[in-house]
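The values are calculated or read from the model by the stated rules, or taken from the named source; none is laboratory data. Only a predicted model underlies this, so the values are computations on that prediction, with no experimental measurement involved. Note: ideal-geometry Cβ built from the backbone for every residue, glycine included; neighbour counts use all protein chains shown.
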Amino acid sequence: MATRDQLGIRARRKLTRVVRRTLAHLTPHRRRSLTSLANCYGSDKGTAVGERHGYSREYEGLFSPLRHRPITILEIGLRFDPYYRSTSRISPSLAMWRDWFSSAHIYGFDINDFSAMSGERIHIFQGDQGNAAQLLDVALHAGSFDIVIDDGSHASFHQRVTLETLFRHVRPEGLYIVEDLHWQPPDLETMLPRTPRMIELLRDERFLNGIGVAAPAVELRMNGKLGVIRKPAAEAAMASSGRTLSQA
Ligand SMILES: C[S@@+](CC[C@H](N)C(=O)[O-])C[C@H]1O[C@@H](n2cnc3c(N)ncnc32)[C@H](O)[C@@H]1O
């Protein structure tokens, strides 16, 4: 049971978030940074909540050229709420993407039901990221993705199935990102089929060549916590697989 001090800390944190959120709402979205949106909605991708990963700063740089383009983005894993154990089905990160990208279509996939977030630009799918058929349903609906972010269970087996299933549905020059490479949940690692950790797979050229395109470029950012895989432009992919555009 929580002590009086813990309840006080929680109440103060909640109040801080409400004040931040209220102030933030007074600033037009187009002038807000991704980090301020992450902090305002309570995503741990920002610098104020949970592990305060700060990925939002990396994303701001990576995604800026796409901010006002009609791109398609998919996020796997939608809710993080370490303090309140809330049953809310509002996703902080989807709210952040919706506000920051002005014209993107945003797909959300989670084992829990987030259909309450569905909207004109938000498409919600419920499923298990260890199930390739359920992931493919999203890809079939979306056509292809400019950005995929895996922030789901973080289990190695799930990350592998998701990458092997979805990378071929990323557009040339698109980005596939795996968060929190430094941590896997020990219980799931024991329960699920054994596989090398994603950080090892991202260094394995044979594995990378097998995921659907030749020579994807991999960068490990934020001290190896964030894996960013960039799909080569169509011409580069064909050149490295020994084909020319006319042979495609
Ligand atoms: C780290 S949280 C996501 C945080 C959120 N993206 C944010 O930035 O605030 C992990 C999410 O993954 C979901 N999840 C866990 N196991 C899953 C699975 N097997 N398939 C799909 N989603 C899963 C959980 O329900 C939870 O919403």
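Here is how the numbers come out for the structure above:
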read-out: Scope region 36-58; condition under 23 Å from Phe114 (Cβ atoms), assigned to a helix (DSSP H, G or I) and in contact (Cβ under 8 Å) with a residue 60 or more places away in the chain; matching residues; value: Leu37, Tyr55
read-out: Gly143 being under 20 Å from Ile106 (Cα atoms) and touching a His at 6+ places or on another chain (Cβ under 7 Å); value: no
read-out: In region 2-59, residue farthest from Ile149 (Cα to Cα) [restricted to those that are at pLDDT 85 or above and of a type in the set (Lys, Arg)]; value: Arg32
read-out: Enumeration of residues in region 36-80 that are away from the ligand (no atom under 12 Å from the Cβ), among the β-branched types (Val, Ile, Thr) and out of contact with any strand residue (DSSP E or B) (no Cβ under 7 Å at 6 or more places or on another chain); value: Thr47
read-out: Selection from region 211-222 of residues that are without any contact (Cβ under 8 Å) to a residue 40 or more places away in the chain and in a loop (DSSP other than H, G, I, E, B); value: Ala214, Ala215
read-out: Unmet requirement for Thr244, which otherwise passes all of (1) modelled with pLDDT under 95; (2) within 27 Å of Gln126 (Cα to Cα); value: (2)
read-out: Counted residues, region 200-218 - those being out of contact with any strand residue (DSSP E or B) (no Cβ under 7 Å at 6 or more places or on another chain) and within 19 Å of Ile76 (Cβ to Cβ); value: 3
